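Below you'll find the structure I mean.
The values are calculated or read from the model by the stated rules, or taken from the named source; none is laboratory data. Only a predicted model underlies this, so the values are computations on that prediction, with no experimental measurement involved. Virtual Cβ from ideal backbone geometry, glycine too; neighbours counted across all protein chains shown.
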């Protein structure tokens, strides 16, 4: 609880940042994550509401977490377990998902779903912590594994939705790209757009008036370029489809279907 409050206060939304304690060893070894030092967390425990413990000691924390990496990794895992990422809350927008799968205007449903996903990411303190932790992850297998766990937990939820859309709409993925590729691309685009929106609020990432965002545009572009009717006898591979648009065609554009 104390760590979550520190994350909320330091990373936002509505962040109110404090200077780290320069004498804390954790602040020196992990400067980007210094606000989660064991000394800072121990001090924050004193603000716990009843009936939670209100006495925090660095020695107690060190008995459980020998290094800050261990603690940060557990905080990241808690963020996944307690469902702080949008993928775990897809039931909140079940009507938009249903519109995509079987409704009369799936494009409208996609825009609604993408707007919800983007605004949910930006309102999620754990997403912001993940961005900072990613910068610390190289060379630290504990933090790297915790971040990988986020993707392992979220990816199947989105892939199941994508598979249902393909089935219901009679579509398939072009040769040259897989469903896993599409899931990774869309997750990376969502994270990247959210990062740009945080760093550059003036960038036209989200249109709150129309309740749309550039993630929706990216999804439509992927659909237009990477999908084709499932009942089409011969499919056209992704690279050929791109070459056809650009104006250069290879000798064998058609993919054979079993």
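Going by the conditions given, is residue 183 over 16 Å from residue 118 (Cβ atoms), part of a helix (DSSP H, G or I) and in contact (Cβ under 8 Å) with a residue 60 or more places away in the chain?
No.
Let me ask you something else. Give 125, 156 a once-over and let me know the one that is surrounded by fewer than 16 Cβ atoms within 10 Å (Cβ to Cβ) and more than 17 Å from residue 222 (Cα to Cα).
On the way: 125 fails: surrounded by fewer than 16 Cβ atoms within 10 Å (Cβ to Cβ).
Residue meeting the stated conditions: 156.
Something else now. Scan segment 163-178 residue by residue and report those that are surrounded by fewer than 15 Cβ atoms within 10 Å (Cβ to Cβ), in contact with a helix residue (DSSP H, G or I) (Cβ under 9 Å, 6 or more places away or on another chain) and closer than 30 Å to residue 134 by Cα.
Matches in segment 163-178: 163 only.
Working only within segment 186-222, note down all residues that are part of a helix (DSSP H, G or I) and out of contact with any helix residue (DSSP H, G or I) (no Cβ under 8 Å at 6 or more places or on another chain).
188, 192, 196, 199, 217, 221
Taking the condition free of Cβ contacts under 8 Å to residues at least 60 places away in the same chain and at positive phi, does residue 247 pass?
Yes, satisfied.
Another question, if that's okay. Restricting the search to segment 91-106, which residues are part of a helix (DSSP H, G or I), touching a helix residue (DSSP H, G or I) at 6+ places or on another chain (Cβ under 7 Å) and closer than 13 Å to residue 165 by Cα?
Matches in segment 91-106: 96, 97, 99, 100, 101, 102, 106.
Return the residues of segment 211-222 that are in contact (Cβ under 8 Å) with a residue 12 or more places away in the chain and out of contact with any strand residue (DSSP E or B) (no Cβ under 6 Å at 6 or more places or on another chain); say none if nothing qualifies.
211, 212, 214, 215, 216, 218, 219, 220, 222
Okay, moving on. Please go through segment 107-129 and pick out each residue that is in contact with a helix residue (DSSP H, G or I) (Cβ under 8 Å, 6 or more places away or on another chain), in contact (Cβ under 8 Å) with a residue 60 or more places away in the chain and not in a helix (DSSP H, G or I).
Passing the criteria: none in range.
A further question follows. Here is a check on your reading of the model: is residue 71 under 17 Å from the mean Cα position of the chain (by Cα) and modelled with pLDDT under 95?
no
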